[in-house]
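Next up is a structure, given as structure tokens.
The values are calculated or read from the model by the stated rules, or taken from the named source; none is laboratory data. Because the structure is a prediction, the values reported are computed rather than measured. Heads up: the accessible areas ignore ligands, DNA and RNA and are worked out on the full protein's heavy atoms, side chains in. Shrake-Rupley method; radii C 1.70, N 1.55, O 1.52, S 1.80 Å.
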Amino acid sequence: MQERPYVISIAGFDPSGGAGLLSDSKTFEHLKVMGLGVCTALTLQTASQCLSLEWRPLDEVIEAIQVLMENYPVSAVKIGIVKDAEFLGEIIKTVKMSNPEVKIVWDPVLKSTSEFIFFDLETLSQLKTAVNKLSLITPNYNEYNVLKEHLLLPDTNKCSLLIKGGHREDHLGTDVLVENETETLLQSSRYHEEYFPKHGSGCVLSSAITAELARGENMETACRNGKLYIEKFLKSNPSLLGTHSS
């Protein structure tokens, strides 16, 4: 029996299980990759609000990444909430030093839906070098508007960009994949009628794409498959906590 590809989620711990490490782990398992995890922060939150956050020391995060990368053939990494540009840059550096070929997806969680701030926005301008070492960035529409002001996305960056359309006022649910200066629209059907808002939907999408990349899919196919997966997740039930099903 062929061994499953190894994937690491470097993200926060959400006790509700809807976002972060627990959510990524559920997604990885369902998509038949071996999910590993490194915790960047301990949060206290529910599906509707984030109450507190405690960042883990950067050196402990880096050590955990090194141990996993040295002991498992990791082919893809998903990064979730990180404190600032230094935190993200050191994570990327550590991953690439262990395996220069590894694919890295960053889901830039700048703040929660309940307006809890995660990323220090004042450090965004320091990210230009680090961003070019990524395979894909997956901001929602609002996050993209913040990032492009500081990083000049997508013009000056080598990595691919998936602009999620769940927060758009026009063409709701249509994602835009920018790869090698080419834009591809990933559209949804009957968005208003069938989908329910879900806590952690961005985590699920980015981890699904990471899993697809680990399984050898190209970027466009990985994003399309990830979109199909998140659409099932959004339709799974009317509550804020979605379920993972076939």
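Once phi is turned into θ = phi - 60°, what whole-Hz ³J(HN,Hα) does the Karplus curve with 6.51, -1.76 and 1.60 give for every residue of region 197-214, x standing for Gly and Pro?
Each residue of region 197-214 in turn: x, 9, 5, x, 4, x, 5, 5, 4, 5, 6, 5, 5, 4, 4, 5, 5, 5 Hz.
Could you give the length gained by full extension between Leu42 and Lys133, i.e. 0.36 nm per residue of separation minus their alpha carbon distance, to one decimal place?
Taking Leu42 through Lys133 to full extension adds about 30.1 nm, to one decimal.
Okay, moving on. If each residue of separation counts as 0.36 nm, what is the full-extension length gain between Lys93 and Glu70 once their alpha-carbon separation is subtracted?
6.8 nm
Next question, about the same structure. Is the shape of region 1-130 best called rounded, prolate or oblate, per the rule: a/c under 1.5 gives rounded, else a/b larger than b/c gives prolate, else oblate, with a ≥ b ≥ c the square roots of the Cα gyration tensor eigenvalues?
Oblate is the answer for region 1-130, as a/c is 1.5 or above yet b/c matches or exceeds a/b.
Further question: Diagonalise the Cα gyration tensor of region 16-86 and give the resulting equivalent ellipsoid semi-axes, square root of 5 times each eigenvalue, largest first, whole Å.
One finds semi-axes of 22, 18, 8 Å for region 16-86.
Would you mind working out the accessible area per residue for the chain, using a 1.4 Å probe, and quoting it in Å²?
48 Å²
Identify which of the listed values of Cα Rg over 2.2 N^0.38 Å was calculated from the structure shown: (1) 1.86; (2) 0.92; (3) 1.02.
Here Cα Rg over 2.2 N^0.38 Å agrees with entry (2).
Would region 1-44 count as rounded, prolate or oblate if I go by the C-alpha gyration tensor, calling it rounded below 1.5 in a/c and otherwise prolate when a/b exceeds b/c, oblate otherwise?
oblate
Express the carbon and sulfur contribution to the solvent-accessible surface of region 1-114 as a percent, rounded to the nearest whole number, probe 1.4 angstrom.
Ligands and nucleic acids excluded, carbon and sulfur reach 51 percent.
For Asn237 and Arg4 in the same chain, what is the full-extension length gain: residue separation times 0.36 nm, less their Cα-Cα distance, in nm?
81.0 nm
When the solvent-accessible surface of protein heavy atoms is calculated with a 1.4 angstrom probe, in what order do Val109, Val38, Val67 fall, highest first?
Val67, Val109, Val38
Greater than 19 Å separation of Cα atoms is the criterion. Which listed pairs, Lys32/Lys96; Lys26/Lys83; Lys26/Lys78; Lys93/Lys164, meet it?
Distance filter (> 19 Å) returns Lys32/Lys96; Lys26/Lys83; Lys93/Lys164.
Antiparallel as a % of all DSSP beta bridges within region 1-136, to the nearest 5?
Rounded to the nearest five, the antiparallel share is 30 percent.
Continuing with this model, one more query. Would you check the accessible area of Thr94, probe 1.4 Å, heavy atoms only, in square angstrom rounded to 10?
Roll a 1.4 Å probe over it and Thr94 shows about 10 Å².
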